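Since every read-out is calculated from the coordinates, none of them should be taken as a lab result. Source: prediction; values computed, not measured. Every residue, glycine as well, gets a Cβ built from its backbone with ideal geometry; the counts of neighbours run over all protein chains shown.
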Amino acid sequence: MGKMDGRVAIVTGAAQGIGRAIADKLAAEGARVVVADLNGAGAEAAAPEGGLGMKVDVSSEDDVKRMVADTVAHYGRLDALVNDAAIVPFVAWDDLDFAEWKRIMAVNLDGLFLCCHHGSRPMRDAGYGRIVNLCSNVVLAGTPNLAHYVASKGGVLGFTRALAREIGKHGITVNAVAPGLTETEGTMASPHAESFEFVQMLQCIPRRGVAADIAPSVAFLASEEAGWVTGQLLVADAGMSHN
Ligand code: 4PL
C-alpha cells in the first residue's frame with residue numbers, strides 16, 4: 001500500500017541525481033513512473049519496474065508533446081508530473097555571457113513551461129493532477145556564481161504560484177520543492193563539490209544532503225493527500241534557509 005498506488009507519474013531529469021531518487025520513491029509508493037531524460041540510455045536504465053524510459057529534451061516542444069502523448073497512450077492516464085530537469089551551472093558573474101544565460105533559461109524555464117503546458121492537458125481532462133516543480137534554496141539567498149540559475153529558479157517559484165491559480169479549478173495542484181546543495185553525480189563533478197563544508201555550517205542538521213533526502217517531500221506533494229496544498233514552496237534544505 002503506497003500513496004501513489006494506481007498512479008502514473010512523469011519525472012524529468014530522472015536518469016540521475018535528485019530526479020532519479022524521486023522516480024525511485026514514487027515507484028516505491030506504487031506509481032508507474034516515466035523517467036524522462038536527455039540521456040536516453042540513462043533514462044532506460046533508471047526506469048523502475050513497470051515504468052518507461054524516454055529520451056526527452058524538455059526545451060524541445062516536439063519532445064515534450066511526444067513524452068506526454070506516449071505516456072497517455074501507454075498507461076491511459078497521467079496523474080503526476082515532476083519537473084526536475086535543469087542545468088546547474090557554476091559561472092562567476094564576470095564570465096557570464098548572454099549565450100550561457102539563454103542556455104539555462106531554455107532548459108530551466110522554457111522546459112518547465114512546455115512540460116506544464118502539455119502535461120496539464122490530460123490532468124485537466126481527468127479533473128485531477130499533481131505538478132511538483134524543483135526549485136532551489138538559492139532563490140532565498142542569492143547564492144554567488146549562479147546568477148542565471150538563481151533567476152531561472154526565481155522564475156520556477158513565480159510560475160508555480162501563478163499556475164496554481166490557473167488550474168486549481170481542474171483539481172490540479174502545483175507546488176515547488178527547494179532543495180539545498182545536494183550530493184549528486186552533477187554537483188560532485190562540479191565546483192559546487194567544494195561548497196558542502198560551508199553549506200553544512202548553515203544547516204540545522206550538520207551533514208551532507210543526498211538525493212534521498214529530497215524525494216519524500218516531492219512524493220508528499222505528488223500524492224492525493226496533499227490536495228489542500230497548492231502554490232507553495234517546500235524548502236527541503238536541513239533548515240539552512242526560511243521563506
Ligand atoms: C546552496 O541548487 O542550493 C549550490 C548549486 N549551493 O545548485 C543549487 C546551494 C547549489 C544550492 C545549489
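Distance from the alpha carbon centroid of region 194-219 to that of region 60-92 works out to 26 angstrom. Give me the distance between the Cα centres of region 1-51 and region 127-146, rounded to whole Å. Distance between centres, Cα-based: 20 Å. Amide H contacts under 5 Å for Leu81: Ile10, Arg130, Ile131, Val132, restricted to partners 5 or more places along the chain or on a different chain, H placed in the peptide plane at 1.01 Å from N.
Rounded to the nearest whole angstrom, the semi-axes of the ellipsoid equivalent to region 134-238, taken from the Cα gyration tensor as √(5λ), stand at 27, 16, 11, largest first. For region 178-233, the set of chymotrypsin sites (Phe, Trp or Tyr not before Pro) satisfying both a DSSP loop assignment and a count of at most 12 other C-beta atoms within 10 Å is given as Trp228.
For region 131-142, putting each phi into the Karplus relation 6.51 cos²θ - 1.76 cosθ + 1.60 with θ = phi - 60° gives couplings of 10, 10, 10, 7, 9, 6, 5, 5, 5, 8, 10, x Hz, in residue order, rounded to whole numbers and with x for Gly and Pro. Note on the chain: with a GNM built from Cα contacts shorter than 10 Å, the maximum mean-square fluctuation among His74, His118, His148 falls on His74. A Gaussian network model of the chain, with springs between Cα atoms under 10 Å, assigns the largest mean-square fluctuation among Ala46, Ala126, Ala36 to Ala126. The relative contact order of the chain comes to 20 percent, based on Cα pairs under 8 Å that sit 6 or more residues apart. Largest GNM mean-square fluctuation across Asp79, Asp213, Asp62, computed for the chain with C-alpha springs under 10 Å, falls on Asp62. Per-residue 3J(HN,Hα) values for region 103-108, derived from phi via the Karplus relation 6.51 cos²θ - 1.76 cosθ + 1.60 with θ = phi - 60°, read 5, 5, 5, 4, 7, 6 Hz in sequence order (x marks Gly and Pro).
Over the chain, one equal point on each Cα, no solvent: what is log10 I(q)/I(0) by the Debye formula at q = 0.11, 0.14, 0.15, 0.18 Å⁻¹? With no solvent term, the Cα-only Debye profile gives -0.51, -0.85, -0.98, -1.44. Each listed q (0.12, 0.14, 0.15 Å⁻¹) maps to a log10 I(q)/I(0) for region 97-160, found by the Debye formula over equal Cα scatterers with no solvent: -0.35, -0.46, -0.52.
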